[in-house]
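Taking it in order: structure first as structure tokens, then the write-up.
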Amino acid sequence: MIRIKCPYCGLRDHSEFNYIGDATKLRPVNPEVANDDEWFDYIYVRDNPRGVHQEYWQHITGCRSYVKVLRNTVTHEVLKTGLPSDDLLFSYEAEK
Amino acid sequence: MFSKKNKQQTRRLSSGGLINRSKPIGFKFDGKPLMGYDGDTLASALLANNIKLVGRSFKYHRPRGIYTAGTEEPNALMALRTNARIEPNTRATNIELFDGLEAKSQNRWPNLFFDFMQINNLAGPLFTAGFYYKTFMGIPGWHFYEHFIRKAAGMGSTNLARDPDTYDKKNAFCDILIIGGGPTGLSAALTAGRSGARVLLIDSSKLLGGQLIWELDQIDGRPAFQWIESALEELKEMKNVTIAQRTTAFGYYDSNVVNAIESVSDHLPTPDPHSVRQRLWQIRAQKVIIATGATERPLVFSNNDRPGIMLASAARRYVNQFAVKPGNRVVIFANNDDGYKTAVNLAEKDIDVRAVVDSRTHVNQFWKTKLDKLGVELILGSAVINTHGHFGLTGIDIASLSSDQKSIGSQSSFMSADLLAISGGWSPNVHLYCHAGGRPQYEASIAAFIPGVRSQSEYPAGASNGAFSLIDCVTEGTNCGSQLATELGFSKTIFSIPKTDEPTVTPIKALWRIPGKGKKFVDIQDDVTESDIKLAHQEGYISVEHLKRYTTLGMGTDQGKTSNMNGHAIMAEERGEAIETVGTTMFRPPYIPIAMGPLAGRDIGQSYSAKRKSAIHNWHHENGAIFVDAGQWLRPQYYLRNGETNTTENMDVAITREVQGTRGNVGMVDVSTLGKIDIQGADSGEFLNRIYTNGWTKLAIGKARYGLMLREDGIVFDDGTTSRLSEHHYFMTTTTSNAASVLSHMEYCLQIHWPDLDVKISSVTEQWAAMAIAGPKSRDVLEKSIDEKNLSNEALPFMGVKQISIDGIPALIFRISFSGELAYEVNVPADYGEYVWRRIMKKGKTDNIIPYGTEAMAIMRIEKGHVAGGELDGRTTPDDLGLNKLISSKKEFIGRRLLNREGFIDPNRPKLVGLIPIDGKSRIRTGSILVKDPNASLPMPKLGHVSSGAYLSPTLKHPISLGLIKGGTDRIGETVWATSPLHGETNEVKIVDPVFYDKQGERLNG
Ligand SMILES: [Zn+2]
């Protein structure tokens, strides 16, 4: 039932999106240098937070952009959306 | 349909009511023809016909009658209609009577008056809370008993016939959604509507007005229905106000979305032509006013479930709205003023009301005077402690109640009665408020839970907010509509609040249970008694949520509408704690039972999922193709010829013909379903280098390369060929099944990992039709078909790609092979796909060209040992599949870093091999487990499994399979057993090289 504001297309129903997953995990910038623990963390370890969560949704039947979404996992409220490079949590906290 | 004689309606009053006596309606109950009137519900028509017994209870099979007049009905559940339109568990109180209606009572066998399972009632003490769990769980044979227990305790049943009706879905948007068209909702709609806000008012009934439809209240000095009429007149004039009737909001979801079900045709025998039965509304509103009213509660005393016992407000409603006399000798039992309202109402309609039994010790003079005048006895400080009668109430026992309500006087008196109207107070309908995320709070002054803090944009008002008097309802509604409109920026309106004529209220005194022996039903639908709750407490259940699940309190189709408050309050008393401490269970959607039909809507059958057809589909269809689903795609599986019927034998004939025709001469297969991705930009080569395991920077223009893609965890993801069309332009193909996921994966890499790369990608799967032409004569056929005429090894070498034209149509031709034969793949713009296919078939006629389907394609790839879906199963590494030569050691790529981890380099990992049955003929089922000794003790050590197979290789003349086995090709020559215990199949197989045919690849050159 939630709606997500795509930075390119505007406010759209979630049925236009695919849920992708945790947006806080970054691929090791230097893949060869990163150690096993860093890779293990990147590939397998996901928190299941109660509350605010930064995640990716892909606007699959729209512009196909990956949209970063700040969502409250308790209320499903979408607090903020932006580009993959945006730090939504930071700007959300700052605005509060 | 039935005879129109009106001999049966003995309980119908001669005048009054909102029924049309000039429109009699015939219907059947349990096969018996009866009459009612237009305007009746099934329940009111049954009562008019003096039918008291309408069902048997869930667990004890006790006789039950109509208990309420609304949505909360726990007893009168009916199987409505017949055959494919049969609908179980419908509430007789909600069914508008229509001509030819057929209803059957439920949960009785063989009939209502002689019910075999009534023995459960005598064995009553056995069937306490948790009985089934305690008795049957944990002992062997639950699967055996379960069927009989569920049958005995079952609700209605349906059949498997296809629903002949259609259903719709609708999205609606408004500024203010008002749920409920009673005095509160109508008042709110008036002020919100006048402000100019877009208002949507929905109400579950045929008639707007809510309770005012059938109450005798006055508003502004005139009968309430006149006020309703003028309100509706004004609302209908407003273009910004929409009213939806017979529409019930059943769920309040995240993002302030409310779902409602509109009963478009449920009041008709069958939907009108081209009309739907029901419509699902998904409503998005800025503000939602919840004006859903309140539900009256019963009182909990011994044998409080007999037919003839009914909620007090329901008795009023049957009299006033339906002109039905629910009893001849009426007693009223209440702990609040509703009892007096009922007594006076009924007595003024010349019904014999014998007494009002009030558990309180005091009532105001207004009611006392009225009762006196009407000759109704007033019995204060007392309670009904037991009832008599089996199939219908015959009398009640009354005794005095101690001031703490914990004990009853030793003397009781009998009073004859056939209707006992009861009122334990009113519970606000907080369901939608709970759905929205709210937690109701206990309000002692009305002995009920009311909405607390708002969690979305929901605004409970009126009775659903705990404001029970009419004046409070219209006041809250009027103010709420005006205030919310103002908040949304609409103009302020001038309004006055209507006046009512209600007497002052003597406060309710909570009375949760009355002392006494015998079954005291709390949840009448689920047969949960007061002693079940006591037992649950004794056994250590404390939380109301656990109480609910253990006793099944409130778990029926009525979701405890009449029972939850009493049940939770009794639990609180048992615990010796305040009700607010013990709390209430949360209501969840749906508010009323919802049929599956409207949830599915039109998305059924052909419309359930999109069917994708290739551009060449028509040709396949005309030429004997048998189609198979490949995801959403329809692909030719094989082609039957004239006179061949679709049998297993003919399938084998067709597949053999297609493989031999291709390997012997030339065959063509439609490969349009392969994923195709157009890649452009200066960094395209670098991008491919990062997502494929093998090297891509040195691929020459005009060349294609096989590529392998891994997941980040090192597991094989997909494979395909990618070609370089020009300096910065590549053309990728993916497997049919992974087309969408590969595209998303590449977009993820480009947008999130490497946004700095200058690469743009786009799916072109649907833009190109693709066909593979394979076999020793493929070059000859194509040279005849294309404009360039020269496809020599020099002009187009193996793994070469060229832009050509075919009869003037631009085309891409690739020299690639999946079958192992000399082969080409031709891509043309989709609109020309069928034309080019037909042209090649025509030109190839003299070379005996044959179309082939996915079966022949799969067999030829297995003969060549190529991996596909069965091997790319999300568990295999490149090394498992013998693809290590495609792993570049000179570069970084997705999945590389985890390739060398412990589990992946374990020499015991199953690896790709070929398998053939020792007897040369047994068909080895895909998925079979490979074991050393089929007689080994269990659990049998597993060596691997069969990943794909051909029941018959027309080339090798025996079945062949691919499999993954520990040791892989080191075991070539060994024999093992392929076993499928589910099918009782065990066959000895020999391990061979996975490439069964043309190991040197000589046939690629024709
Ligand atoms: Zn978008």
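The values are calculated or read from the model by the stated rules, or taken from the named source; none is laboratory data. Since this is a predicted model, take the numbers as computed values, not measurements. Cβ placement follows ideal geometry from the backbone for every residue including glycine, while neighbour counts extend to all protein chains displayed. Heavy atoms of the whole protein, side chains included, go into the accessibility calculation; ligands, DNA and RNA do not. Shrake-Rupley method; radii C 1.70, N 1.55, O 1.52, S 1.80 Å.
Of all residues in region A:14-31 being open to solvent by less than 40 Å² (accessible area, probe 1.4 Å) and part of a strand (DSSP E or B), which is farthest from the ligand (Cβ to nearest atom)?
At the first step, the residues of region A:14-31 found to be open to solvent by less than 40 Å² (accessible area, probe 1.4 Å) are A:17, A:21-23, A:25, A:27-28, A:31.
Retained after the next criterion (residues that are part of a strand (DSSP E or B)): A:21-22.
On the way: A:G21: 18, A:D22: 21 Å.
Among residues in region A:14-31 that are open to solvent by less than 40 Å² (accessible area, probe 1.4 Å) and part of a strand (DSSP E or B), the one farthest from the ligand (Cβ to nearest atom) is A:D22.
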(Q) Within region B:190-212, does at least one residue satisfy the condition of being in contact with a Cys (Cβ under 7 Å, 6 or more places away or on another chain), open to solvent by 70 Å² or more (accessible area, probe 1.4 Å) and over 30 Å from B:S607 (Cα atoms)? (A) yes
Q.
From the list B:Y706, B:Y692, exactly one residue is touching a Leu at 6+ places or on another chain (Cβ under 8 Å), more than 15 Å from B:V742 (Cα to Cα) and more than 14 Å from chain A (Cβ to nearest Cβ). Which is it?
A. B:Y706
Q. Taking strands (runs of 3 or more DSSP E) that fall entirely within region B:390-476, which contain at least 2 residues that are among the β-branched types (V, I, T) and buried (at least 21 other Cβ atoms within 10 Å of the Cβ)?
A. B:395-401
(Q) Condition check: among the hydroxyl-bearing types (S, T, Y), more than 19 Å from B:E72 (Cβ to Cβ) and assigned to a helix (DSSP H, G or I). Does B:T506 satisfy that? (A) no
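Among the candidates B:R657, B:R641, which residue alone is open to solvent by 30 Å² or more (accessible area, probe 1.4 Å), out of contact with any Ser or Thr (no Cβ under 6 Å at 6 or more places or on another chain), part of a loop (DSSP other than H, G, I, E, B) and not assigned by TED's automatic domain parsing to the domain that holds B:S953? Walk me through how you get there before you give the answer.
Numbers: B:R657 fails: part of a loop (DSSP other than H, G, I, E, B).
When all the criteria are applied, what remains is B:R641.
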Q.
If I ask for residues that are more than 30 Å from B:R896 (Cβ to Cβ) and more than 16 Å from the ligand (Cβ to nearest atom), which ones from region A:81-91 would you list?
A. A:L88, A:L89, A:F90, A:S91
Q. With region B:539-587 as the region, which helices (runs of 4 or more DSSP H) entirely inside it contain at least 1 residues that are modelled with pLDDT under 90 and under 30 Å from the mean Cα position of the chain (by Cα)?
A. B:544-551
Q: State which residue is farthest from the ligand (Cβ to nearest atom) when the search covers only region A:41-69 and only residues that are within 11 Å of chain B (Cβ to nearest Cβ) and free of Cβ contacts under 8 Å to residues at least 24 places away in the same chain.
A: A:Y44
Q) Does A:H76 satisfy the condition of being more than 16 Å from the ligand (Cβ to nearest atom) and of a type outside the set (S, T, Y)? A) yes
Q: Go through region A:70-81 and give me each residue that's more than 11 Å from chain B (Cβ to nearest Cβ), in contact (Cβ under 8 Å) with a residue 24 or more places away in the chain and surrounded by 17 or more Cβ atoms within 10 Å (Cβ to Cβ).
A: A:L79, A:T81
Q: Identify the single condition in (1) of a type outside the set (A, V, I, L, M, F, W, C); (2) under 32 Å from the mean Cα position of the chain (by Cα); (3) modelled with pLDDT of 95 or more that B:R11 does not satisfy, given that it satisfies every other one.
A: (2)
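Criterion first (open to solvent by less than 30 Å² (accessible area, probe 1.4 Å) and in contact with a strand residue (DSSP E or B) (Cβ under 8 Å, 6 or more places away or on another chain)) does B:L915 satisfy it?
Working: open to solvent by less than 30 Å² (accessible area, probe 1.4 Å): yes; in contact with a strand residue (DSSP E or B) (Cβ under 8 Å, 6 or more places away or on another chain): yes.
Taking the combined requirement at face value, the residue satisfies it.
Would you confirm whether or not region B:617-630 contains a residue that is assigned to a loop (DSSP other than H, G, I, E, B) and without any contact (Cβ under 8 Å) to a residue 12 or more places away in the chain? Before the answer, list the steps.
Taking region B:617-630 and keeping what is assigned to a loop (DSSP other than H, G, I, E, B), we get B:623-624.
From the residues that got through so far, the ones that are without any contact (Cβ under 8 Å) to a residue 12 or more places away in the chain too are none.
Among the residues of region B:617-630, not one is assigned to a loop (DSSP other than H, G, I, E, B) and without any contact (Cβ under 8 Å) to a residue 12 or more places away in the chain, which makes the answer no.
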Q. Got at least one residue in region B:338-347 being modelled with pLDDT of 95 or more and either assigned by TED's automatic domain parsing to the domain that holds B:K206 or in a strand (DSSP E or B) (or both)?
A. no
Q. Limited to region B:247-265, what total is found for residues that are within 14 Å of chain A (Cβ to nearest Cβ), buried (at least 20 other Cβ atoms within 10 Å of the Cβ) and hydroxyl-bearing (S, T, Y)?
A. 1
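Which strands (runs of 3 or more DSSP E) does region B:711-812 wholly contain that include 3 or more residues that are more than 14 Å from every other protein chain (Cβ to nearest Cβ), touching a residue at least 40 places away in the same chain (Cβ under 8 Å) and closer than 30 Å to A:W39 by Cβ? If you could, list the steps in order and put the result at the bottom.
Values: elements: B:716-726, B:729-734, B:760-763, B:768-774, B:801-806.
In region B:711-812, the matching strands (runs of 3 or more DSSP E) lie at B:716-726, B:729-734.
Out of everything in region A:1-12 that is within 12 Å of the ligand (Cβ to nearest atom) and either in contact with a Leu (Cβ under 8 Å, 6 or more places away or on another chain) or under 30 Å from B:A260 (Cα atoms) (or both), what residue ends up being most open to solvent (accessible area, probe 1.4 Å)? Step through it out loud before you land on a result.
Of all residues in region A:1-12, those within 12 Å of the ligand (Cβ to nearest atom) come to A:4-12.
Retained after the next criterion (residues that are either in contact with a Leu (Cβ under 8 Å, 6 or more places away or on another chain) or under 30 Å from B:A260 (Cα atoms) (or both)): A:4-7, A:9-12.
On the way: A:I4: 0, A:K5: 122, A:C6: 1, A:P7: 59, A:C9: 44, A:G10: 21, A:L11: 106, A:R12: 81 Å².
Among those that are within 12 Å of the ligand (Cβ to nearest atom) and either in contact with a Leu (Cβ under 8 Å, 6 or more places away or on another chain) or under 30 Å from B:A260 (Cα atoms) (or both), it is A:K5.
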